[in-house]
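A.B. asks: Here it is: the structure, laid out below.
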Amino acid sequence: MTLTAINQLWVADVTCVRLKEEFVYLAMILGSFSGKVGGWAVHRTMMSSRLMVAALERAEANRQLQAGLVHYSESEGFN
């Protein structure tokens, strides 16, 4: 896919963040053209479907969606 403008491709990623007394999981929606974080969410468990949905909802609220937007995520293992 050749990107020519923002909001053509969003990529999702999840990472574990160590806090002083616990670990949390951070989900991010990244704009591939701009490299900017469009949405994010934090949750105590990685298996929460709300984690990825909340990040996507925040990205949708922060960006103007256009027809043809591709959202890519390898998080098919989430419930």
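A.B. asks: Place a +1 charge on the Cβ of each Lys and Arg in segment 9-72 and a -1 charge on the Cβ of each Asp and Glu, then give the dipole magnitude about the Cα centre in debye, rounded to the nearest 20.
C.D. replies: It works out to roughly 100 debye.
A.B. asks: List the trypsin sites (Lys or Arg not before Pro) within the chain that fall in a DSSP loop (any state other than H, G, I, E or B) and whose Cβ has at most 16 other Cβ atoms within 10 Å.
C.D. replies: K20, K36, R44
A.B. asks: Test of the criteria: in segment 11-79, which GluC sites (Glu not before Pro) are in a DSSP loop and have at most 12 other Cβ atoms within 10 angstrom of their Cβ?
C.D. replies: E21, E22, E74, E76
A.B. asks: Follow-up. How long is the gain from R50 to Q8 if the chain were fully straight, where each residue apart is worth 0.36 nm and the alpha carbon distance is subtracted?
C.D. replies: Result for the pair: 12.7 nm of gain on full extension.
A.B. asks: Fewest first, what order do L3, L65, L51 take by the number of other Cβ atoms within 10 Å?
C.D. replies: Ascending Cβ contact count within 10 Å gives the list L65, L3, L51.
Laboratory data are not the source of any read-out in this text; all were calculated from the coordinates shown. Since the model is a prediction, treat every value here as computed from it, not as a measurement. Every residue, glycine among them, receives a Cβ derived from its backbone with ideal geometry; neighbour counts consider all protein chains shown.
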